[in-house]
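The values are calculated or read from the model by the stated rules, or taken from the named source; none is laboratory data. The structure displayed is predicted, hence computed values, not measured ones. Please note: Cβ atoms are built from the backbone with ideal geometry, for glycine as well, and neighbour counts cover all protein chains shown. Remember, those area values only see protein heavy atoms, side chains included, never the ligands or the DNA or RNA. Shrake-Rupley method; radii C 1.70, N 1.55, O 1.52, S 1.80 Å.
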Amino acid sequence: MRPNKPLLTLGAMAVLLLVLATAAAGFGAMRLMLADIWRSPSDGMLWQIWFHIRLPRVALALLVGTALALSGAVMQGLFRNPLADPGLLGISSGAALAVGLAVVLPWTLTPIFALYSSMAAAFIGSLVVTLVIFSLSSFSAGLARLLLAGIAINALCSAATGVLSWLSNDQQLRQLSLWGMGSLGQAQWPTVAAAASLIVPGALVVQRLSTALNVLQLGEEEAHYLGVNVKRTQRHLLLSSALLVAAAAAVSGVIGFVGLVVPHLVRMTLGADHRWLLPGAVLAGAILLLLADTVARTAVAPAEMPVGLLTSLLGGPWFLWLILRRREAAGV
């Protein structure tokens, strides 16, 4: 019997992820060794740093990387366009606008609500845009119109966020800028639990529809004749993908290009079959963001670089390469 290559590759990626996650929890402003943590009492400083600061940070990086990469893989398959990205539908821009409103407008909140106001606003903003897209998907004639609607939502939200930045004072402007750069610095166990409660079910729904997503690559008419309920499948995939991005944006801010780069890398290794591509994107997205976040918080320690800046520095050249490669393939 021939070995199952995709299964072996996924197994190797899972082992690599486990090793990297274990190592990443030891890196930071203070280097932690597993042997020292093992000998440390549960109320000791080393254990407290490892369990309450490092592990939630690692877990959140895995969840956010998973959500962004999986969403990107779904959108590229759904739009049959390798340039599709989770931010394409305006969800990240909606989150940024809601955070801008929460920061700039003079709300009077209790301290506990004020602490999580940006996170809650990001989720509400993402969810509102998701519902708008879902409504459009019920009445729109096709995905091309949704793509144009996403571009319009992006432009509108970006302009409104710019107005709020112009109206804000120095402190508010700094807060808005830091959120827009993307960071996992708010990682705590309650944050991880909240993100996991949305990302894990969303990922399971998407994986269940992987076979239907394969059939959709043949075209809507062919998929219909092969027994796929095209509109319902597209709506479920679109909503699941949007919820994944909303959950990630709510806890981390805007982190770009993970959803664009990772599906391409996985497709080169595992092929275009979404039954393997989607779990591959889950593992590769988690690995990529875990590595990026570890570099971001250790390269300039004790300071910390926003991880969104690092992913943009890596993803920008990749995006340009994709555009140039498509122009060459088209003979332009």
Scanning the range 268-283 for residues that are open to solvent by 30 Å² or more (accessible area, probe 1.4 Å), farther than 19 Å from Val64 by Cβ and in a helix (DSSP H, G or I) gives Met268, Thr269, Arg275, Trp276
- Message: Quick check on Val282: is it under 17 Å from Val74 (Cβ atoms), modelled with pLDDT of 85 or more and of a type outside the set (Ser, Thr, Tyr)?
- Response: yes
#### Entry: Test for Gly26: is it outside any helix (DSSP H, G or I), under 30 Å from Thr269 (Cβ atoms), of a type outside the set (S, T, N, Q) and open to solvent by less than 20 Å² (accessible area, probe 1.4 Å)
yes
The condition of being over 18 Å from Val132 (Cβ atoms) and crowded, with 24+ Cβ neighbours inside 10 Å holds, among Gly87, Gly65, only for Gly65
The residue from Leu265, Leu218, Leu173 that alone is open to solvent by 50 Å² or more (accessible area, probe 1.4 Å) and outside any helix (DSSP H, G or I) is Leu218
Picked from the range 241-262 (must be over 20 Å from Ala102 (Cβ atoms) and in a loop (DSSP other than H, G, I, E, B)), the residue least open to solvent (accessible area, probe 1.4 Å) is Gly256
Taking first residues from the range 42-68 that are in a helix (DSSP H, G or I) and second residues anywhere that are of a type in the set (D, E, K, R), the pairs with Cβ under 6 Å that are 6 or more apart or on different chains are Leu46/Asp36; Ala61/Asp293
